[in-house]
Amino acid sequence: MSRRFALKRLTASDLTFFQWHYDNENAGNQKAINLNADVFAEQLFPRLDAGAYKVGLTLIGPGSVPPLRMTRKILKNPAYKNWRLNGETVDKEQARFQVLQPNDYALMIFEGEREPEDLSIVFVAKAEPADTHLHRALTRLIPARGRKSMVALSATDVQSIAEEGRVAADHFLRVLVIDEDLIDAAGGIDTAVQRFLTRVGRQARIDKETLQKARAQGEATGDLGESLVDIHLDAERQSGQIASYTWLARINAISPMDFESTDAAGMTESIEVKTTSGDFERPFHVALSELREAVTGERVYRIYRVYSASAKGAKLRISGDFRPLARTILELFETLPAGVAPDGVTIEPRLLSFGKVISLHPGE
């Protein structure tokens, strides 16, 4: 699922979203957090129609406290200039949100493709000692006296903010910007598990919901990679570089290869797509069924390494024939004790030869 990030400097009216502020501060009857139209509608969700959208809402902070989950709505009323997060005020854990003041911050992580489906907000309060460095870092992005009150951010921006703000390794902010290590760890890649545990500490706790989100993000990235390769292969077919191709994984989800392509001479190749939103060098997982298909099949088996993948496109490098390496791996498997059955391996790209970089675009 696609993620979008924004930073909002809170106003007194925004704080009426919390029951305590609504009852105790003379800041009007808004009972909602404004989402500036020039950021939310024009940059984050540009194809969003006016209306109401139910979202799962997770509130994090101020400070280091467990997340609070609920359901609310994001809506655009014709009478409003901006969109709003509302539905009803937050009346749970009222003391927790008393520390918030105007010019504090809400770091927002939206999930959804064409429309928002989930929203996590990290509240950062100047008066909360645990937020001191993070609040200072955010102030540099949106100064308290500046005209701008909301900006769109990238995942890289948020990771940089976490570093500058000295955010603890196991803080929910770091987990929410689900990085490639957590995504790969959820997919069973041991090197990613070790890197993630080293970075956040072995005492850190990742809840089931976060792990499920990481796994879903990995699946969505894989689907994106296949879609981009489909566009690429179709362009090659139309230009005559290949005669035909079939997207096998779309027909059969357990296919040991994602595509097969046939050139003008009638030679057919098997294609397995390995996608990451990270860099090219990240290891990828190859299932036992894929290894066996590469070795037992009579045609060339290539890895299409899709990397830096996002909704804007990706980069692609195509491997040489994967069969020799697959054969070596399966021969090693034969030396394992009886009763031991590995279900796959993690492979570093450097073990294969790859061709030049090809740019992939959604509308190619």
Which order do peptides 351-359, 9-17, 108-116 fall in by mean Cβ count within 10 Å, highest first? 9-17, 108-116, 351-359
Overall Cα dimensions of segment 3-175 - principal axes, largest extent first, Å: 40, 37, 31
Angle between the chain longest axis and helix 323-333 axis [Cα atoms, degrees, rounded to 10]: 80 degrees
Per residue and in Å³, how big is the convex hull formed by the alpha-carbon atoms of segment 224-339? 120 Å³
Enter the Cα centre distance for the pair segment 285-361 and segment 19-67, rounded to the nearest angstrom. 44 Å
Considering the alpha-carbon set of segment 56-135 alone, what are its Rg and its Dmax in angstrom? 13.6, 40
Computed label-point distance, nm, for sites Q194 and D118 using a 7 Å Cα→Cβ extension: 2.9 nm
For labels at K148 and E236 in the simple 7 Å Cα→Cβ model, what's the distance in nm? 4.2 nm
Could you check which residue among A243, A214, A137 shows the biggest mean-square fluctuation in a GNM of the chain with a 10 Å Cα cutoff? A243
For V99, put the label point 7 Å out on the Cα→Cβ axis and report which residues of segment 115-151 keep their amide N under 15 Å from it. 122-136
Apply the Karplus parameterisation 6.51 cos²θ - 1.76 cosθ + 1.60, with θ equal to phi minus 60°, to every residue of segment 295-305 and state each ³J(HN,Hα) to the nearest whole Hz, in sequence, with x for glycine and proline. 7, 7, x, 9, 10, 4, 10, 10, 9, 9, 8
Using only Cα positions of the chain, each an equal point scatterer, no hydration layer, compute I(q)/I(0) via Debye at q = 0.09, 0.11, 0.14, 0.15 Å⁻¹ and quote the log10 values to two decimals. -0.61, -0.83, -1.14, -1.24
Under the 7 Å Cα-to-Cβ spin-label approximation, I254 and A79 lie apart by a distance in nanometres of 5.7 nm
Could you state the angle between the C-alpha long axis of helix 132-141 and the longest principal axis of the C-alpha atoms of the chain, as a value from 0 to 90 degrees rounded to the nearest 10? 80 degrees
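Only the coordinates and a few stated rules stand behind these numbers; no lab work does. None of these values were measured; they are calculated from a predicted model. Positions of Cβ are backbone-derived with ideal geometry, glycine not excepted, and every protein chain shown enters the neighbour counts.
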